[in-house]
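Working notes, structure below.
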Amino acid sequence: MVATVRHEYEQKILFQELHQCSLETLVVRCDVTRDDDLLGLVDSALERFGSIDVLVNNAGYGQFGGIELVTAAQARAQLEVNTIAPLRLAQLVLPHMREKGRGKIINISSVAGRVVLPWGGWYAASKFALEALTDAMRLECRPFNVQVVSVLSGPVQTDFVTKLQMSEPGATSPEFQHRIHEHAQARRKRSREGAWTSQMTAELLLSIARSSNPRTRYVTTSVGKAAVLLRKFLPDRLWDRLIVRAYGAQKIFNKPTP
């Protein structure tokens, strides 16, 4: 097993945890936005284990904030990590899988790859794009017996929420932008409702890796499944009304009564 981390202190902690599980493990420091790091990661994996059977693309973070507040640089960084990096890593491992005549690529997407919520537009954009590219890859890889699976993750009890990038309004921003930011922060604190544990997610990934005929797409958590189902069948205008009501968006944009 090969696992990646960004920081040295994470490398030591993860290695110790995996070693306790009696797994033959290689922990590599890797910035997924650096091509040299990705090339080195693949080379290290092949040198240590001789082949790559399963790739799990799990790197990602959330860039949240109103469309007016998220800068172009922040948007590019979001797409670079959540969309470009997983596909670049897939490009690097696919030749080895084709040569072997088998392999599996699991892309960790998000319910946000099917459902867009206020102040999460750029995060959703990165996951919608990942879903589209995963679908294309699945079709292109099928003749080579390489299976491609998407996991639309709902909330999970990890540090994802605490590490969200929240675009904050400036001192000269309109007053309603400050209300939006305060509301988004409040929603952030409730985002773990119905969350899976990391162990539950790991068990799902393991079952997919072991399956000879996995589904093309998995949706996790009851909250995630309900959201995807509702979005699929509800008309746009009805969906919009429900979301505006659920998020209290109209109250945010209405000017408070003096």
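In the structure shown, the pairs LYS12/LYS104; LYS104/LYS232; LYS127/LYS225 are assessed against 26 Å; a Cα-Cα span above that value is assigned to LYS12/LYS104; LYS104/LYS232.
Residues whose amide H lies under 5 Å from that of ILE106, counting only those 5 or more places away or on a different chain, are LEU55, VAL56, ASN57, VAL149; hydrogens are built 1.01 Å from N in the peptide plane. Taking a ≥ b ≥ c as the square roots of the eigenvalues of the alpha-carbon gyration tensor, region 1-155 is classed oblate because a/c is 1.5 or more while a/b is no larger than b/c.
Looking at region 19-108, which GluC sites (Glu not before Pro) are in a loop (DSSP not H, G, I, E or B) and have at most 10 other Cβ atoms within 10 Å? Walk me through the intermediate numbers first.
Details: sites: GLU24, GLU47, GLU68, GLU80, GLU99; in loops: GLU24, GLU68.
Those that pass, being in a loop and sparsely packed, are GLU24.
Computed in the context of the full set of protein chains, the accessible area of region 90-144 at 1.4 Å probe radius has 59% of its extent on carbon or sulfur. Label-to-label distance, GLN199 versus LEU234, with points set 7 angstrom from Cα along the beta-carbon direction: 3.4 nm.
The values are calculated or read from the model by the stated rules, or taken from the named source; none is laboratory data. Here the structure is a predicted model, which means the values were calculated and not measured. Neighbour counts are summed over all protein chains in view; Cβ atoms, including those assigned to glycine, are modelled from backbone coordinates with ideal geometry. Side chains included, ligands, DNA and RNA excluded: accessible areas come from the protein's heavy atoms. Shrake-Rupley method; radii C 1.70, N 1.55, O 1.52, S 1.80 Å.
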